[in-house]
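Written out below as C-alpha cells is the structure these notes cover.
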Amino acid sequence: MSWFENYGDDYFDSLFMKNLNRDEAYLRIINNGKHKPVYLLQSHRECLECDFYKQWTIYADEVFQVNSNYKYKISTSEFDSKKETLCNIMEPMGEFGVYNLTFNDTNCFFQTEKEPVNIYLPIIGVFLIYAILICSIATVQRLIGEFGKTESVEESSPKKARIKSLDTFRGISIVTMIFVNMGAGGYAILDHAPWNGFHLADFVFPCFLWIMGACIPISLTSSFKKGISNGKLIASAAKRSIKLFCIGVFLGSGIYLDKFRVMGVLQRFGICYFVVTLISIITLNRSKLINSEKVKPRWSTSLETTLFGWIPAVYAAVQHLLIVFLVAEDGCEKGYFGPGGLHQHGKYENCTGGATGFLDRAILKTHVYQFPTSFEVYNSQPFDPEGLVGCLNSIFHTFIGVQAGVILLVHKDHTSRLAHWLAWAIACFVLGGCLCGFSKEDGMIPINKNLWSLSFVFIMSTVAFLLLAICYVLIDMKNLWRGQPFVYAGMNSILMYIGHSVTGKFFPFAWQINDYDTQTHFLYLMQNVSATAIWMYIAYYLYKIKYFFTV
C-alpha cells in the first residue's frame, strides 16, 4: 500500500495510526531500570555538530510520536552528556512505523513492531496518474482535431524568430517555484536546504534572477536602436523596480506591523533589476550590440561588449567578501558562515548568518524573516535569506546572466553561442568548486543560498548556463521541442508568481476534506502537483487570449 502511502488499519496494537503525520512514527519506551524519570533527547539529522536537547520527560512506560528527520537518545540527564546516556537511537524511524525500545541500566533493545512505508514510492504513483491523465487528454484532443479538420490557407508574413528557449527557461523556473512554494509534497529533499548545500528548491530563485539578467541586454538593445534616451531608460527601470518592490512587500507583509517583512523575492528582483540595468545602460558597448548583425564577431567580442560593466559587478562581489570577512557582531567570529543556534555545540548561538545576518538585523530590526530554513534544524535567530547584504552578490549573479544575453545577441551562429555558454559554465564551475572546496561544509566559502555566497553564485550560474544551452539546442537549434508547456508560463511569469502567492491557500489550489486527508506525502504531492498544473493551464489560456502581464 506504500504506493499510496497507506498506514493500514486505523489501529495497530491499540495505537491510533491516524494521529501520525508525514514522517512520523510511534516509539514505545519500556523502562526496566532504576533511573526514573529519564529523558528523551533529540537532534535533527541535518544539524551539524549539534548537541541533543530535551524533548520529553519519561516517568513511566510511554508512547511518543517521533519524526524520522531526527535522531534520539535516552539519558538520565536533561542535557547532552555521553556519561549519562542510556540508549542511542541513531537509525531513522520511518513513517507510520511502530517501534519498541526496552532498556535497563546496562542494556538497550530496539525492535521494529510495524514496518514503515516507503515515502518515495508515491512520487512514482503520482507521476503515473498524471501521465495517464495527460495522455488521455492529448488523445481526445487529437481525435477531436482529426474530425474537425478543415483545409485553410493562411497568409503568413515574415516575422523575426523569437528565442523560445529564454521563455522556456523562465517558465521552468516559475513552474518549479510554484511547486516548491505550494509544499513540494512535504519532501525534505525537494525543499530548501537547512543551511549549506542545495536541494531542488535552491535552484529556482537564482535561475530566475540569472535569466532576468540575460534578458536585460536584449531589451536594452531594442531601445538603443530606437534611440531612446538614457534618462527615459533609467526612469523606466526605476519605475518597474519600485513596482516589483512594492508588490513584494504587499505579498510578504502580513497584518503585524511590528514584524512585517521588508525584503523578499520580488524586492530583491527589483533591486537587482534596477542596479544591473543601470550598469548595462552606462557601460555596454552599444555599437557592438546594434551592429552585431553586420560584423562577424571574434571570440572575445561578447566579453568586450560587457567589459566595463564587470567593474561595478565585481566591485559588488568584493564588497560582499569584505563585509563577511571583516565585520562581526560582538561575541561572533569574523568570516563565520554558519547558522548559529545549535551549530557547533552552541558556540555561535547568536551569530546566525555571520556578518550578513548581523547587518540585516541591525538595519531592518524586527522586519526580517522570522522563520528561516535553519530555524527548525538549528533553532537559530531570525534571518532573511533575501536580506540587504545578499543583494551585493545577487547583483553580481544577475550580471553573469547579462553576459549570457550578450552572447546571444553578438554571436549569431548556434555553435558559437553554445561554445561560449559552455565555456562560461566550466569557468563558473571551477571557480565555485575551488571556493567551496568541492564539498558541502569544508571549503573556504560554502555553497549557501541563505547567504547567497559567492560559491553559490558560481555553481548556480553553471547550472543556468547548462540549462539554457540544453533548452536552446532542443528548441531553437534542433526544433525537437517547442517548449510546451513551460514556454507559456515563461511569458507570464510575474503574474503566475503573484497569483500563486495570493491564492495558494484557497481551493482548488489547496484542499482538505478532513483532519487526516493531507497527512501523507502522496495526497500532499497530489495537491501540490494539481495546483501547479492549474497555474500552467492558466498560463496557457492567457497565451491563447494574448494577455501578457507586465509591471
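Observations
- Residue within the range 290-303 that is more than 23 Å from the chain's Cα centre (by Cα), free of Cβ contacts under 8 Å to residues at least 60 places away in the same chain, at negative phi and assigned to a helix (DSSP H, G or I) present: no
- In the range 1-97, counting only strands (runs of 3 or more DSSP E) that sit wholly within it, the ones holding 1 or more residues that are free of Cβ contacts under 8 Å to residues at least 24 places away in the same chain span 53-58, 85-89.
- Contact map, the range 404-424: residues that are farther than 23 Å from F208 by Cβ and touching a residue at least 60 places away in the same chain (Cβ under 8 Å) paired with residues that are surrounded by 18 or more Cβ atoms within 10 Å (Cβ to Cβ) and of a type in the set (D, E, K, R), Cβ distance under 8 Å, separation 6+ or inter-chain. Pairs shown: V410/K288; H411/R417; H414/D476.
- Count - residues of the range 261-287 that are touching a residue at least 40 places away in the same chain (Cβ under 8 Å) and open to solvent by 60 Å² or more (accessible area, probe 1.4 Å): 2
- In the range 319-338, the residues that are within 21 Å of G197 (Cβ to Cβ) and among the small types (G, A, S): G335, G338
- In this structure, T283 qualifies as farther than 25 Å from K440 by Cβ and either of a type in the set (S, T, N, Q) or modelled with pLDDT of 95 or more (or both).
- Close contacts from the range 238-258, counting a first residue that is in contact (Cβ under 8 Å) with a residue 12 or more places away in the chain and surrounded by 13 or more Cβ atoms within 10 Å (Cβ to Cβ) and a second that is aliphatic (A, V, I, L, M) and in a helix (DSSP H, G or I), with Cβ to Cβ under 6 Å and a gap of 6+ residues or different chains, come to L244/L266; I247/L266; G248/L266.
The rows are residues; the columns are (1) in contact with an Asp or Glu (Cβ under 9 Å, 6 or more places away or on another chain); (2) open to solvent by less than 10 Å² (accessible area, probe 1.4 Å); (3) part of a helix (DSSP H, G or I).
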| residue | (1), (2), (3) |
| --- | --- |
| I178 | no, yes, yes |
| N181 | no, no, yes |
| I189 | no, no, no |
| P194 | yes, no, no |
| H199 | yes, no, no |
| F208 | no, no, yes |
| I211 | no, yes, yes |
| A214 | no, yes, yes |
| I218 | no, no, yes |
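- Restricting the first member to the range 201-219 and to residues that are closer than 30 Å to Y187 by Cα and aromatic (F, W, Y), and the second to residues that are at pLDDT below 95 and in a helix (DSSP H, G or I), the beta-carbon pairs closer than 6 Å and six or more apart or on different chains are F208/S173.
- Within the range 305-315, the set of residues being buried (at least 21 other Cβ atoms within 10 Å of the Cβ) and either without any contact (Cβ under 8 Å) to a residue 12 or more places away in the chain or not β-branched (V, I, T) (or both) comprises G309, A313.
- Failed item, numbered, when V430 is tested on (1) surrounded by fewer than 19 Cβ atoms within 10 Å (Cβ to Cβ); (2) of a type in the set (V, I, T); (3) more than 23 Å from the chain's Cα centre (by Cα): (3)
- The set of residues in the range 68-113 being among the basic types (K, R) and surrounded by fewer than 19 Cβ atoms within 10 Å (Cβ to Cβ) consists of K82, K83.
Yes or no, residue by residue, for (1) touching a strand residue (DSSP E or B) at 6+ places or on another chain (Cβ under 7 Å); (2) aliphatic (A, V, I, L, M); (3) open to solvent by 20 Å² or more (accessible area, probe 1.4 Å):
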position: L466; (1), (2), (3): no, yes, yes
position: R482; (1), (2), (3): no, no, yes
position: H500; (1), (2), (3): no, no, no
position: K505; (1), (2), (3): no, no, yes
position: T520; (1), (2), (3): no, no, no
position: N528; (1), (2), (3): no, no, no
position: I534; (1), (2), (3): no, yes, yes
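- Wholly enclosed helices (runs of 4 or more DSSP H) of the range 431-530 bearing at least 3 residues out of contact with any Gly (no Cβ under 7 Å at 6 or more places or on another chain), over 20 Å from T398 (Cα atoms) and in contact (Cβ under 8 Å) with a residue 60 or more places away in the chain: 493-503
The values are calculated or read from the model by the stated rules, or taken from the named source; none is laboratory data. From a predicted model like this one, the values you see are computed outputs, not experimental measurements. Quick reminder, even Gly has a Cβ in these numbers, built from the backbone with ideal geometry, and neighbours come from all protein chains shown. With ligands, DNA and RNA removed, areas are computed over all heavy atoms of the protein, side chains included. Shrake-Rupley method; radii C 1.70, N 1.55, O 1.52, S 1.80 Å.
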